[in-house]
Structures are given as C-alpha cells and as structure tokens.
Amino acid sequence: MPSSPAISVVVPLYNEEDNVVEMQQQIDKVLSGRDYELVLVDDGSKDQTLARVQRGDRVRVLVFEKNSGQSAAMHAGIYAALGDVIVTLDGDLQNDPADIPAMIDKLDEGGGYDLVCGYRAKRKDTTFKRLQ
C-alpha cells in the first residue's frame, strides 16, 4: 500500500474460522470502490482462523501469540491503522458490514462529527454465551 488509505477497518479475531472468510467478503463488497485497508488482529486463536484469512494488498494481519482479550486486540489494531477514518468491527459477524457506508457517509456529510457509533438491535448469541 503506497499511501495511507482513507478508511481502516479494524477487526479483532479469536477463533473465528467459521466467520473470517465471509466477513472479509462482506467488507470487500460494501467498500468496493473506496480506498480502505483491513487490519485483522488475531488474538491467539487456537483454530484455523489465520489459515483462512484471505491475504491481499488491502489486508494487514497482526498476530498475538497468546489470547490477550478483545480490548487489547482492538487497541493494537487501532494503533496500527493508517486510515483517516477508523471503523471497528467484531469478527463474529454480529455487526453488519453493510452498515459501514452509512456511518462513513454520516461523517462525510459535514455536520462536524468526529465519531459515529452503531449498535446491535438483535444479538445472535448462543444460550451458553448469554449465560456466561
């Protein structure tokens, strides 16, 4: 990547082998035609997450040797991001990548916004995860 991208999408990953390819494809689709980088932070995954990451010119991968938690992975990704705008997204596909363009458009509309935040209307957690 010769110059800094306009947008950095930072995604912490931990054991997301079932989601990482789909997530990358969705991000690529919704940001098609835009100048962006994808910063993936593998937080010590024990599965095949890293092996399934689709590498490319827009993709940078940071790897933690051991699991340090989502906040540490997010911090490392944000610190490494080169974009003028930083988008954060979870790797489990509960945040819809299709929402990214609307949030970026809100920043660009000239309202003096420094931050735009979305929220999940309906979570898709398993019963086990909800009980934890």
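The values are calculated or read from the model by the stated rules, or taken from the named source; none is laboratory data. Being a predicted model, the structure only gives us computed values, none of them experimental. When we count neighbours, we look across all protein chains shown, and the Cβ atoms used for this are built from the backbone with ideal geometry, even at glycine.
Does any residue in region 5-21 that is over 16 Å from ARG55 (Cα atoms) and in contact (Cβ under 8 Å) with a residue 24 or more places away in the chain come within less than 8 Å, Cβ to Cβ, of a residue that is assigned to a loop (DSSP other than H, G, I, E, B) and among the polar types (S, T, N, Q) six or more places away or on a different chain, and which pairs are these?
Filtered contacts from region 5-21: TYR14/SER45; TYR14/ASN67; ASN15/SER45.
Only residues in region 88-102 that are within 15 Å of GLU37 (Cα to Cα) count as the first member; pair them with residues that are assigned to a loop (DSSP other than H, G, I, E, B), Cβ under 7 angstrom, at least 6 apart or cross-chain, and list the lot.
Pairs that qualify, where the first residue is within 15 Å of GLU37 (Cα to Cα) and the partner is assigned to a loop (DSSP other than H, G, I, E, B), are LEU89/ASN95; PRO97/LEU89; ILE100/LEU31.
Name the residue that is modelled with the lowest pLDDT, counting only residues in region 91-124 that are small (Gly, Ala, Ser) and either outside any loop (DSSP other than H, G, I, E, B) or surrounded by 10 or more Cβ atoms within 10 Å (Cβ to Cβ) (or both).
Our first condition is that a residue be small (Gly, Ala, Ser); within region 91-124, this holds for 91, 98, 102, 110-112, 118, 121.
With either outside any loop (DSSP other than H, G, I, E, B) or surrounded by 10 or more Cβ atoms within 10 Å (Cβ to Cβ) (or both) added as a condition, the list becomes 91, 98, 102, 118.
Values: GLY91: 94, ALA98: 94, ALA102: 92, GLY118: 81.
Residue satisfying both the conditions and the ranking: GLY118.
Being among the hydrophobic types (A, V, I, L, M, F, W, C), in a helix (DSSP H, G or I) and over 19 Å from ALA76 (Cα atoms) is the filter here, so list the residues in region 6-43 that pass it.
Matches in region 6-43: VAL21, MET23, ILE27, VAL30.
Taking LYS46 as the residue in question, decide whether it is without any contact (Cβ under 8 Å) to a residue 24 or more places away in the chain and over 15 Å from VAL11 (Cα atoms).
Details: without any contact (Cβ under 8 Å) to a residue 24 or more places away in the chain: no; over 15 Å from VAL11 (Cα atoms): yes.
Taking the combined requirement at face value, the residue does not satisfy it.
In region 64-84, which residues are surrounded by 13 or more Cβ atoms within 10 Å (Cβ to Cβ) and not in a loop (DSSP other than H, G, I, E, B)? Give the derivation first.
From region 64-84, those surrounded by 13 or more Cβ atoms within 10 Å (Cβ to Cβ) are 64, 67-70, 72-78, 80-83; that's our starting set.
Across region 64-84, the qualifying residues are PHE64, GLN70, ALA72, ALA73, MET74, HIS75, ALA76, GLY77, ILE78, ALA80.
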